[in-house]
Amino acid sequence: MAMSQQQRDEKRRLKAAKVQEEDLRLKVRPGTKRALLELMAWAGIEEQGEAMTLMIHHMHGLGPSGALPLLEPPRHKYKVSQSVALEFSRKSMLMIQHDPGDEVISPVTNPAPH
């Protein structure tokens, strides 16, 4: 006789408890999802959970020196263009001039040795 849905669910719960299985939930944005799908396609993996499990185990196998660089979040580098720097300087000078009593002190780039 076939098991009922309730019996199948209970069997699944017991098996998950026995092997200490735990759900990990992950919310991602479209770019992350796209990257995961590409990785899965490259490896011929169809299940997202399988892909993530394999990635975790392979990264762990790299040890701290190999895995830590892969876990550093990307940092955005900002470079202020010459035109933006000049505009900022110009507007800063205008603001200083509008407030009497403020002095303009230029930074010293190469202080002379004593």
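The values are calculated or read from the model by the stated rules, or taken from the named source; none is laboratory data. What you see is a predicted model; the values in this text were computed from it and never measured. Neighbour counts run over all protein chains shown; Cβ positions are idealised from the backbone, glycine included.
Mind telling me which of the residues ALA51, ALA85 ends up being more than 21 Å from LEU24 (Cα to Cα) and either in a helix (DSSP H, G or I) or modelled with pLDDT of 95 or more (or both)? First the steps, then the outcome.
Details: ALA51 fails: more than 21 Å from LEU24 (Cα to Cα).
One residue alone meets the criteria, ALA85.
So that you can scan it fast, the table gives a plain yes or no per residue for (1) over 33 Å from the mean Cα position of the chain (by Cα); (2) of a type in the set (A, V, I, L, M, F, W, C):
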residue	(1), (2)
GLU10	yes, no
ASP23	no, no
ALA43	no, yes
ALA67	no, yes
SER89	yes, no
SER106	yes, no
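Count, please, the residues in the stretch 27-43 that happen to be surrounded by fewer than 10 Cβ atoms within 10 Å (Cβ to Cβ) and closer than 17 Å to THR53 by Cα. Working first, answer last.
Within the stretch 27-43, the first condition is being surrounded by fewer than 10 Cβ atoms within 10 Å (Cβ to Cβ), and the residues that meet it are 27, 29-31, 42.
In the following step, the residues that additionally are closer than 17 Å to THR53 by Cα were identified as 27, 42.
Within the stretch 27-43, residues that are surrounded by fewer than 10 Cβ atoms within 10 Å (Cβ to Cβ) and closer than 17 Å to THR53 by Cα number 2.
Here's the yes/no breakdown for (1) of a type in the set (Lys, Arg); (2) surrounded by 11 or more Cβ atoms within 10 Å (Cβ to Cβ); (3) in a loop (DSSP other than H, G, I, E, B):
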| residue | (1), (2), (3) |
| --- | --- |
| LEU14 | no, no, no |
| GLN20 | no, no, yes |
| MET55 | no, yes, no |
| PRO73 | no, no, yes |
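Mind counting the residues in the stretch 34-56 that are over 16 Å from GLU22 (Cα atoms) and either of a type outside the set (A, V, I, L, M, F, W, C) or in contact with a strand residue (DSSP E or B) (Cβ under 6 Å, 6 or more places away or on another chain) (or both)?
5
Give the residues of the stretch 22-37 that are among the charged types (D, E, K, R) and either in a loop (DSSP other than H, G, I, E, B) or touching a Gly at 6+ places or on another chain (Cβ under 8 Å) (or both), sorted by residue number. Outline the logic, then answer.
Step one: filter the stretch 22-37 for residues among the charged types (D, E, K, R), giving 22-23, 25, 27, 29, 33-34.
Matches in the stretch 22-37: GLU22, ASP23, ARG25, LYS27, ARG29.
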